[in-house]
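Chemist: Below you will find the structure I want to go over with you.
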Amino acid sequence: MRIDAISIFPSYFDVLEVSLLGKARLAGLIDVRVHDLRDWTHDRHRTVDDTPYGGGAGMVMKPEPWGEALDAIATDSESRPVFIFPSPAGEVFTQAKARELATAEHLVFGCGRYEGIDERVFDYAAELGEVRLMSIGDYVLNGGEVAVMAMIEAIGRLIPGVVGNPESLVEESHEDGLLEYPSYTKPSLWRGREVPPVLLSGNHGAVDTWRRDQQVIRTRERRPDLLAD
Ligand code: SAM
């Protein structure tokens with residue numbers, strides 16, 4: 001998969017060189033290309049923002065650098081890209097959407113800053129590929145970089161070969177609409193706290209039943225909205 005990220009703070013993405021995604025890049029499973037939006041400006045100050053039409057607080061990202069950035073990346077693409085613009089006003093990014101996006105050939109992430117990007121950019125991007133505005137939750141960040149990092153990690157780990165044992169991806173929270181069961185490792189007694197005896201019993205059927213029950217109990221306690229769904 002090819003992933004492009006456009007940002008005015010490209011160094012946010014330096015951490016993509018470490019851990020599993022770093023290894024996946026070295027192995028050629030993911031081709032990540034990070035771009036500085038200011039490279040597509042043409043004035044001395046490399047300006048990417050301006051005051052909003054209609055007045056109001058804050059600045060808005062200018063359409064011109066975005067248009068040139070999207071043109072350059074789309075022209076250089078071997079497929080029709082999926083453009084993902086992080087936005088608190090977007091559809092909510094979920095595990096199911098991560099799975100769907102993990103099958104794409106080329107994802108392009110456009111990180112907003114200030115009050116966001118001039119709305120016409122999304123309309124224009126739709127001429128070049130599919131456009132998705134995606135929120136990582138009901139809160140507001142200063143910029144799209146952290147949201148994009150979260151999405152790249154959630155999507156990237158679903159690409160075959162990135163996570164060593166693919167079975168570990170199947171039993172996770174949100175894969176079957178429930179939260180994951182609690183996990184324990186050695187020692188069986190730690191600071192007066194015991195591991196649930198069923199996990200030491202060697203009875204795989206009983207372990208499966210216990211884990212399923214725990215998933216339902218946890219989900220009911222912490223995320224009743226998931227059960228309602
Ligand atoms: N004025 C915008 C609004 O109220 O919808 C918020 C702009 S926010 C300060 C700047 C940028 O941060 C956004 O353009 C987006 O890229 C990113 N951002 C902030 N919160 C986000 C969230 N919950 N999910 C995804 N991206 C977010």
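Chemist: Any chance region 199-222 includes a residue that's open to solvent by 70 Å² or more (accessible area, probe 1.4 Å), at pLDDT 95 or above, among the basic types (Lys, Arg) and more than 29 Å from the chain's Cα centre (by Cα)?
Modeler: no
Chemist: Now a separate question. Consider Arg33 carefully, then state whether it is closer than 19 Å to Ala147 by Cβ, among the basic types (Lys, Arg) and without any contact (Cβ under 8 Å) to a residue 60 or more places away in the chain. Talk me through it step by step, then tell me what you get.
Modeler: Values: closer than 19 Å to Ala147 by Cβ: yes; among the basic types (Lys, Arg): yes; without any contact (Cβ under 8 Å) to a residue 60 or more places away in the chain: yes.
Answer is yes for this residue.
Chemist: Go through (1) in a loop (DSSP other than H, G, I, E, B); (2) away from the ligand (no atom under 16 Å from the Cβ); (3) farther than 30 Å from Trp40 by Cβ and name the single condition Asp138 misses.
Modeler: (2)
Chemist: Okay, moving on. From the list Leu178, Leu199, Leu227, pick out the single residue that is farther than 30 Å from Arg2 by Cα, outside any helix (DSSP H, G or I) and of a type outside the set (Gly, Ala, Ser).
Modeler: Working: Leu199 fails: outside any helix (DSSP H, G or I); Leu227 fails: outside any helix (DSSP H, G or I).
The match here is Leu178.
Chemist: Kindly list the number of the only condition in (1) open to solvent by 20 Å² or more (accessible area, probe 1.4 Å); (2) of a type in the set (Val, Ile, Thr); (3) under 14 Å from the mean Cα position of the chain (by Cα) that fails for Val82.
Modeler: That leaves (1) as the condition not met.
Chemist: With the structure loaded, tell me whether Tyr124 is out of contact with any Lys or Arg (no Cβ under 7 Å at 6 or more places or on another chain) and either away from the ligand (no atom under 14 Å from the Cβ) or in a loop (DSSP other than H, G, I, E, B) (or both) or whether it fails that test.
Modeler: Values: out of contact with any Lys or Arg (no Cβ under 7 Å at 6 or more places or on another chain): yes; either away from the ligand (no atom under 14 Å from the Cβ) or in a loop (DSSP other than H, G, I, E, B) (or both): yes.
Yes; evaluated as a whole, the condition is true for this residue.
Chemist: For region 1-58, give me each residue that is open to solvent by 50 Å² or more (accessible area, probe 1.4 Å) and of a type in the set (Asp, Glu).
Modeler: Scanning region 1-58 gives Asp14, Glu17, Asp31, Asp39, Asp43, Asp50.
Chemist: Return the pair list, or none, for Cβ contacts closer than 8 Å from residues in region 139-162 that are closer than 20 Å to Ile6 by Cβ to residues that are within 14 Å of the ligand (Cβ to nearest atom) and of a type in the set (S, T, N, Q), at least 6 apart or on different chains.
Modeler: Gly143/Ser7; Gly144/Ser7; Gly144/Ser87; Glu145/Ser7; Ala147/Ser135; Val148/Ser7
Chemist: Of all residues being within 10 Å of the ligand (Cβ to nearest atom) and under 23 Å from Leu29 (Cα atoms) in region 86-110, which is most open to solvent (accessible area, probe 1.4 Å)? Just the residue, please.
Modeler: Residues of region 86-110 that are within 10 Å of the ligand (Cβ to nearest atom), as a first pass: 86-90, 92-93, 109-110.
From the residues that got through so far, the ones that are under 23 Å from Leu29 (Cα atoms) too are 93, 109-110.
Working: Phe93: 34, Phe109: 1, Gly110: 2 Å².
Looking at residues that are within 10 Å of the ligand (Cβ to nearest atom) and under 23 Å from Leu29 (Cα atoms), I get Phe93.
Quick grid of which residues meet (1) farther than 24 Å from Tyr124 by Cβ; (2) without any contact (Cβ under 8 Å) to a residue 40 or more places away in the chain; (3) touching a Lys or Arg at 6+ places or on another chain (Cβ under 8 Å):
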{"residue": "Val15", "(1), (2), (3)": "yes, no, no"}
{"residue": "Leu21", "(1), (2), (3)": "yes, no, yes"}
{"residue": "Asp49", "(1), (2), (3)": "no, no, yes"}
{"residue": "Met61", "(1), (2), (3)": "no, no, yes"}
{"residue": "Asp71", "(1), (2), (3)": "no, no, no"}
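Chemist: Something else: Which residues, taken from region 202-224, are basic (Lys, Arg) and assigned to a helix (DSSP H, G or I)?
Modeler: Looking only at region 202-224, we keep the residues that are basic (Lys, Arg), and these are 211-212, 218, 220, 222-223.
Arg211, Arg212, Arg218, Arg220, Arg222 - these are the residues of region 202-224 that are basic (Lys, Arg) and assigned to a helix (DSSP H, G or I).
Chemist: I'd like the residue in region 145-170 that is within 16 Å of the ligand (Cβ to nearest atom) and among the small types (Gly, Ala, Ser) and, out of all such residues, is least open to solvent (accessible area, probe 1.4 Å). If you could, list the steps in order and put the result at the bottom.
Modeler: The initial filter retains those residues of region 145-170 that are within 16 Å of the ligand (Cβ to nearest atom), namely 145-155.
Among the residues that remain, those that are also among the small types (Gly, Ala, Ser) are: 147, 150, 154.
Values: Ala147: 6, Ala150: 48, Ala154: 23 Å².
If we take residues in region 145-170 being within 16 Å of the ligand (Cβ to nearest atom) and among the small types (Gly, Ala, Ser), then Ala147 is least open to solvent (accessible area, probe 1.4 Å).
The values are calculated or read from the model by the stated rules, or taken from the named source; none is laboratory data. Every value quoted in this text rests on a predicted model; they were computed, and no experiment measured them. No Cβ is skipped: glycine too gets one built from the backbone with ideal geometry, and neighbour counts run over all protein chains shown. The accessibility values were calculated without ligands, DNA or RNA, using every heavy atom of the protein model including side chains. Shrake-Rupley method; radii C 1.70, N 1.55, O 1.52, S 1.80 Å.
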